[in-house]
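Student: Take a look at this one; I'll ask things after.
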Amino acid sequence: MNVVLSILVLLICPFYGLTAQNIPVNDSFTSPLRPPFFFSGGFGELRTSHFHSGLDFRTQGRTGLPVYAVKDGYISRIGISPTGYGNALYMNHPDGTTSVYGHLERFQPKLQQYVKEKQYDKESFQVNLTLTSGQFHFKKGEIIAWSGNSGSSGGPHLHFEIRNTKSERAYNPLFYNLGIRDNSAPKIKTLFVYPLSANSNVGQDRNKKSFETVPVPGGYRLKLNLPIGLFGKIGFGIQADDDFNGVGLKIGIYSAMLFCDGRQVFGFKMNNFSFDDTRYANAQADFEEYQKTRHWIQRLYKLPGNRLDIYEPEDKNGVLNLDDGKGHEFEIVVSDAFKNKTSLKFHTANKKSSLPAKNQSSGKLFQYDQSNEFENDKIKIDMPAGALYDDLDFTWKSSPRPSGCYSELQQVSSKLIPLQKPYTLSLKSDWIPEDLRDKALIVSVDAATGRKSAVGGEYSGGWVTVKTNLLGSFAVAVDKMPPSITPLSIKDKKTLTNAAKLQFKITDNLSGIKSYRGEIDGNWVLFEFDPKTQVLSYSFDKSRMVFGKSHLLRLAVTDYQGNSNEYKAVIYK
């Protein structure tokens, strides 16, 4: 979401002695970029299996913008990875905060040289370096890096965070003086209503229903401007977003509060969260709705296995018992971090459906707070307590063996059900030849297309076993094909006098690229991998090889099932 940044001095409150949802505010910070500034992602946004832990600054669709230290401090950690934050800097500050800068293109020269030396020492492109306070100190406003598109980035931008140094808890950067101002209220698009028991209903339906909203002065009302007939245990949810200063691109909301007859019965605020809890985004969201429509719905009630600490009042879970024979007046108030707010008001009527109660069980009950097991001659499942967010009517079905697979297809409940923790899945396979058993793995199989995606695992005693946090359709497959290495603008015995770099495209058919190693004249050289383009690049380094002669280039690539491929060439440089 685009956010125009301008100067706003916020009130100061102490950082130390914070409870989980207190807001630390400090006026001694500056912005990590220079104007003009826009956002493409906000703090606490719902993402696939995590909350977004910072602010994403748009960089005009390009890389190479200077990135500035937001406060005096020292570089405490440097990360280089083909995924995640890519090239990232972590900077500790005297007030107990750490600022984080992700998806960078390159670092300040002395940092860049330090990292390169460590990569050669470790013979690894991917490194995670911990530094001391005496090594690299920067003043507020000094350039520390340049913005990029490295790691798991969907386009050029700067990912920026503020954390508690000791606990590494992520804090909402909008409560720091980064020069951000917003005057636009959030928008509420859709109301969702969830029947939460066998006898609950929404109108004459025992399944969830959605209701469109329309704007009215001061907020929103339902497009169908009539009371909603409800009965039994009910929960609500909303599709809402925040439009900073009305520029048109959206980020997630900061806060939502639910009121029934003027009394607050549920609410949440995205002030801060622990990375240990970030996967509970699956419970805060309507995961099934997102998988089907790609729309993020915020629940205004807690699933029983949700352990997040962002909710208030703490003693309310948002589940409402609407079986009192009365109608009720509801209001949902959605706010941003700058106290701009909007609301949706609607009424309900007490109307019990004449439909039969919803069938609660067609399989085996898996309880969210207990360990659960399922086993027969084709499949074994061992799921720890706390893996589920709610009780599950566990179902299983076996189907004929898919093409190219070495087991029958096993349908394990539904891929629309998220998990907090991984479970152990074992599939029986009697069809794998002995010479291929070390290449066996479990794959998920798309029901519509038949497409197979690697889950992983190992063969032992007729079973292939893996730990996974996915449910859905699975089978056993074999990956015996080595990765593919395609040279780009290079061939054997080619003269590369004017070339600045070597590039290869590396791909794998199933299990994925696990490792690679590039050498020139028997010495390891720094190849950098970008999974987004599948391109591996080496920039010629005059300080590490002698120019003006022939060299032997060797590149070896290995996938997760141990299949390897090698490319060799003589080059002149």
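Student: Just to be sure I follow the rule: in region 44-175, considering lysines 8 or more places apart or on different chains, how many pairs have Cα atoms under 17 Å apart?
Tutor: Working: Lys71/Lys139; Lys71/Lys140; Lys110/Lys118; Lys110/Lys139.
Close lysine pairs found across region 44-175: 4.
Student: Could you tell me the extents of region 169-211's C-alpha atoms along the three principal axes, largest first, rounded to whole Å?
Tutor: Answer, in whole Å and largest first: 51, 28, 8 Å.
Student: Same structure, new question: Could you list the square roots of 5 times each eigenvalue of the Cα gyration tensor of the chain, that is, the equivalent ellipsoid semi-axes, sorted largest first and rounded to whole Å?
Tutor: Details: eigenvalues 407, 260, 71 Å².
In descending order, the three semi-axes are 45, 36, 19 Å.
Student: What percent does the relative contact order of region 91-185 come to when contacts are Cα pairs within less than 8 Å and at least six residues apart?
Tutor: 39 percent.
Student: While we're here: Amide H to amide H under 5 Å from Gly267: which residues, 5+ apart in sequence or cross-chain, H placed 1.01 Å off N in plane?
Tutor: Leu258, Glu312
Student: Can you tell me the length gained on complete extension of the stretch Ser539 to Met481, counting 0.36 nm per residue apart and subtracting the Cα distance?
Tutor: Details: separation 58, 0.36 × 58 = 20.88 nm, distance 2.91 nm.
Going from the current span to full extension adds 18.0 nm.
Student: Over 22 Å between Cα atoms: which of Lys292/Lys480; Lys501/Lys549; Lys415/Lys480; Lys415/Lys467; Lys428/Lys480 fall into that group? All intermediate terms of the calculation are to be shown ahead of the outcome.
Tutor: Values: Lys292/Lys480 34 Å; Lys501/Lys549 16 Å; Lys415/Lys480 27 Å; Lys415/Lys467 16 Å; Lys428/Lys480 19 Å.
As for pairs spanning more than 22 Å Cα to Cα, those are Lys292/Lys480; Lys415/Lys480.
Student: Give me Rg over Rh for region 364-478, both radii from the alpha carbons and Rh done the Kirkwood way, two decimal places.
Tutor: Working: Rg = 13.6 Å, Rh = 14.2 Å.
That ratio equals 0.96.
Student: Over the Cα atoms of region 38-175, what radius of gyration and what Dmax do you get, in Å?
Tutor: Looking at region 38-175, its Cα Rg and Dmax stand at 14.2, 41 Å.
Student: Once you have the Kirkwood Rh of region 187-350 from its Cα pairs, apply Stokes-Einstein at 37 °C and 0.692 mPa s and quote D in µm²/s. If you can, show how the numbers build up before the last one.
Tutor: Details: Rh = 16.2 Å.
Reported coefficient: 202 µm²/s.
Student: Straight-line reach from Lys364: which aspartates and glutamates fall under 13 Å, measuring Cα to Cα and dropping same-chain residues less than 8 apart?
Tutor: Hits, sequence-local ones excluded: Glu373, Glu375, Asp391, Asp393.
Student: Only sites in a loop by DSSP and with at most 12 other Cβ atoms within 10 Å count here; which trypsin sites (Lys or Arg not before Pro) in region 480-546 make the cut?
Tutor: Working: sites: Lys480, Lys491, Lys493, Lys494, Lys501, Lys505, Lys514, Arg517, Lys532, Lys542, Arg544; in loops: Lys480, Lys491, Lys493, Lys532, Lys542, Arg544.
Here the sparse-neighbourhood loop sites are Lys491, Lys493, Lys542.
Student: Still on this structure, I have one more. Residue farthest toward the positive end of the dipole of the chain, with Cβ of Lys/Arg at +1 and Asp/Glu at -1: which of Ile485, Tyr459, Thr83?
Tutor: Result: Ile485.
Student: Among the aspartates and glutamates, which have Cα under 12 Å from the Cα of Lys452 when same-chain residues fewer than 8 positions away are ignored?
Tutor: The qualifying aspartates and glutamates are Asp479.
Student: Compute the long axis of helix 109-122 from its Cα atoms, compare it with the longest principal axis of the Cα atoms of the chain, and write down the angle in degrees, 0 to 90, nearest 10.
Tutor: For 109-122 against the chain, the angle is about 80 degrees.
Student: Going by average Cβ density within 10 Å per residue, which order do the peptides 46-54, 169-177, 214-222 take, highest to lowest? Walk me through the intermediate numbers first.
Tutor: Values: 46-54: 19.6, 169-177: 22.9, 214-222: 13.3.
Highest-to-lowest ranking by the protection proxy: 169-177, 46-54, 214-222.
Student: Compute, for the chain, the length of the dipole vector about the Cα centre, with Cβ point charges of +1 (Lys, Arg) and -1 (Asp, Glu) only. Units Debye, rounded to 20.
Tutor: Values: 70 positive and 58 negative charges, 277 e Å.
The dipole magnitude comes to about 1320 debye.
Student: Sticking with this structure for a sec: Please work out, to two decimal places, the log10 of the ratio I(q)/I(0) at q = 0.11, 0.18, 0.19, 0.21 Å⁻¹ from a Debye calculation in which every Cα of region 298-446 carries one identical scatterer.
Tutor: Values, matching the q order: -0.70, -1.19, -1.26, -1.38.
Student: Please work out how much length the chain gains when fully extended from Asp382 to Arg437, using 0.36 nm per residue of separation minus the C-alpha to C-alpha distance, in nm with one decimal.
Tutor: Working: separation 55, 0.36 × 55 = 19.80 nm, distance 2.28 nm.
So the extension gain works out to 17.5 nm.
Student: Okay, moving on. Which translational diffusion coefficient, to the nearest whole µm²/s, is obtained for region 407-538 from the Stokes-Einstein equation, given a Kirkwood hydrodynamic radius over C-alpha pairs, 37 °C and 0.692 mPa s? Mind dumping the intermediate values first?
Tutor: On the way: Rh = 17.5 Å.
The estimated diffusion coefficient comes to 187 µm²/s.
Student: List the aspartates and glutamates whose alpha-carbon lies under 19 Å from that of Lys351, not counting same-chain residues fewer than 8 positions away?
Tutor: The reachable aspartates and glutamates, counting only those whose Cα sits under 19 Å from Lys351, are Asp205, Asp261, Asp323, Asp324, Glu329.
Student: Also, quick follow-up: What are the radius of gyration and Dmax of region 484-572, computed over its Cα atoms and given in Å?
Tutor: Reported Rg and Dmax, both Å: 13.0, 41.
Student: Amide H of Arg181 versus every other amide H placed in the peptide plane: which residues, excluding those fewer than 5 positions away on the same chain, fall under 5 Å?
Tutor: Here the answer is Ser6, since their amide H atoms fall under 5 Å of that of Arg181.
Student: Highest mean first, what order results for 309-320, 55-66 on Cβ atoms within 10 Å? Write down the numbers at each step before the final one.
Tutor: Details: 309-320: 15.8, 55-66: 18.2.
Going from most to least packed, we get 55-66, 309-320.
Student: With a 10 Å radius around each residue's Cβ, average the other Cβ atoms per peptide and rank 30-37, 88-95, 129-136, highest first. List each step's numbers first, then the result.
Tutor: Values: 30-37: 17.6, 88-95: 20.5, 129-136: 12.6.
Per-residue Cβ counts within 10 Å, averaged per peptide and sorted highest first, yield 88-95, 30-37, 129-136.
All of the numbers you see were taken from the coordinates with simple rules; none came from a lab. Note that the structure is a prediction, hence the values are computed from the model and not measured. Glycine also receives a Cβ, built like all others from the backbone with ideal geometry; neighbour counts cover every protein chain displayed.
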